[in-house]
1. Would you mind checking LYS56/LYS144; LYS10/LYS56; LYS44/LYS141; LYS44/LYS144; LYS56/LYS133; LYS10/LYS128 for any pair whose Cα atoms are more than 27 angstrom apart?
2. If you filter the stretch 1-79 for trypsin sites (Lys or Arg not before Pro), then keep DSSP loop positions with at most 12 other Cβ within 10 Å, what is left?
3. Go through the stretch 133-138 residue by residue and turn each phi into a ³J(HN,Hα) via Karplus (6.51, -1.76, 1.60, θ = phi - 60°); whole Hz please, and just put x for glycine and proline.
4. Find how much the distance from ASN123 to MET97 grows on full extension, using 0.36 nm per residue of separation minus their present alpha carbon separation; answer in nm with one decimal.
5. Report the extension gain between ALA115 and ARG40 in nm, rounded to one decimal, defined as 0.36 nm multiplied by the number of residues separating them, less their alpha carbon distance.
6. Kirkwood Rh, the chain, all Cα pairs: how many Å?
Amino acid sequence: MSQARTNARKAAVQALYQWQMTGQNLSAIEMQFLEEERLRDAQKSYFNELFHGIPKSLDVIDETLMQFVDRPVEAIDPVERAILRIGVYELMNRLDMPYRVVLNESINLAKCFGADGSHRYVNGILDKVAQQKRAVEIQAKNRKASDASG
């Protein structure tokens with residue numbers, strides 16, 4: 001996975017966090033990120049997809065999360081909420097990306113931005129989402145693994 005895409009995710013976490021906390025206009029936040037050159041080393045098109053795609057799909061993303069979290073989505077720590085929303089978005093909309101990559105990237109984001117141990121929480125929830133949304137991919141991977149060992 002490219003560093004530019006990883007940087008796009010990092011910027012998206014920060015931008016989504018700002019949006020969640022302030023309710024500010026998406027375009028205003030994006031303009032601020034561009035002006036401050038916070039997207040300099042990021043894949044801008046991917047940042048754009050995440051930052052605009054997640055608010056557009058928020059109802060579906062949060063409905064998915066509600067099946068697996070132990071509290072209302074709005075009660076989840078805002079940093080973790082932004083990371084989980086990115087992970088769910090990618091699991092549902094970026095089938096070109098292996099689910100393991102989505103989980104690993106999300107865990108790394110939680111280690112980078114979240115509280116101590118939040119990566120375990122993020123991993124636990126996104127793993128359950130992946131079992132539901134990427135069942136075919138996971139079964140194929142498991143079959144391949146058992147064929148190789150058999």
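Where a number appears in this text, it was derived from the coordinates with a stated rule and is not lab data. Only a predicted model underlies this, so the values are computations on that prediction, with no experimental measurement involved. Ideal geometry is used to build each Cβ from the backbone, glycine not excepted, and the neighbour counts take in all protein chains shown.
1. LYS56/LYS144; LYS44/LYS141; LYS44/LYS144, as the Cα separations exceed 27 Å there.
2. Taking the stretch 1-79 and a limit of 12 other Cβ atoms within 10 Å, the loop trypsin sites (Lys or Arg not before Pro) found are ARG40.
3. Per-residue couplings from phi come out as 7, 10, 3, 4, 4, 5 Hz.
4. Full extension from ASN123 to MET97 adds 7.7 nm.
5. Computed gain between ALA115 and ARG40 is 24.4 nm.
6. Details: mean 1/r = 0.0632 Å⁻¹.
15.8 Å is the Kirkwood radius here.
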